[in-house]
Amino acid sequence: MQEIKDKIRNIKDFPKKGIVFRDITTAIKDAETMKKIIDYFVEKFKDQKIDYVAGPESRGFIFGMPVAYQLGCGFIPIRKPGKLPAETISIEYDLEYGTDKIEMHKDAIEPGSRVLLMDDLLATGGTAAACVDLINSVGKVVGAGFMIELVGLGGMEKLPSDIQIETMVKFDEN
């Protein structure tokens, strides 16, 4: 996966000093690289009998939609409050300084459905864990896929150990 990793642009001191932002736009603008990313996750999860792929806004949409299409299942958007037009269910979760909230439509997932969570990045795991809890309130997360894992930030430890987790490229972060 070094060729994928090499396509990711590193931007120092963004969004604040001391942070290295992993910019995926340089990878996904290349058609062949984007195809390799999607094919990678489809191959990893093709035997999981996925009913839905869910992804948090906005970059979870980028990977979730084409993976859902290739797996032959639906896509469930997980959004910030006030962005979905019908009745929603939500979960609030802790951030380093404060809290945040995510929502999905109340009728998005039939009870017992098998769901794959897709996002671009696993860092501290707060958003991913909240997505898992939200989905598990109705269905069952059976897998999670992330293009990038920032190793050392504790994200993997916040996810359930009984699901298949796939990360494509890893960066050491402290």
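Just a few scattered comments:
- Per-residue Cβ neighbour rank within 10 angstrom, fewest leading, 97, 40: 97, 40
- Annotation: lysines with alpha-carbon distance below 30 angstrom to residue 106 (same-chain offsets under eight excluded): 44, 46, 49, 80, 83, 140, 158.
- Per-selection Rg to Rh, segment 33-99 - Cα, Kirkwood hydrodynamic radius: 1.05
- Förster-model FRET efficiency, 22 Å R0, residue 170 and residue 100, C-beta, rounded to 0.05: 0.30
- 10 Å-binned pair-distance histogram of segment 73-159 (Cα, whole percent): 17, 50, 30, 3
- Among the GluC sites (Glu not before Pro) within segment 33-137, those in coil by DSSP and having at most 10 neighbouring Cβ atoms inside 10 Å are 87, 96.
- Two-site FRET efficiency, residue 140 against residue 12, from Cβ-Cβ distance with R₀ of 41 Å, rounded to 0.05: 0.55
Every read-out reported here was derived from the displayed coordinates using simple, explicitly stated rules and does not represent laboratory data. In this text, all values refer to a predicted model and were calculated from it rather than measured experimentally. Methodologically, a virtual Cβ is constructed for each residue, glycine included, from the backbone with ideal geometry; neighbour enumeration extends over all protein chains shown.
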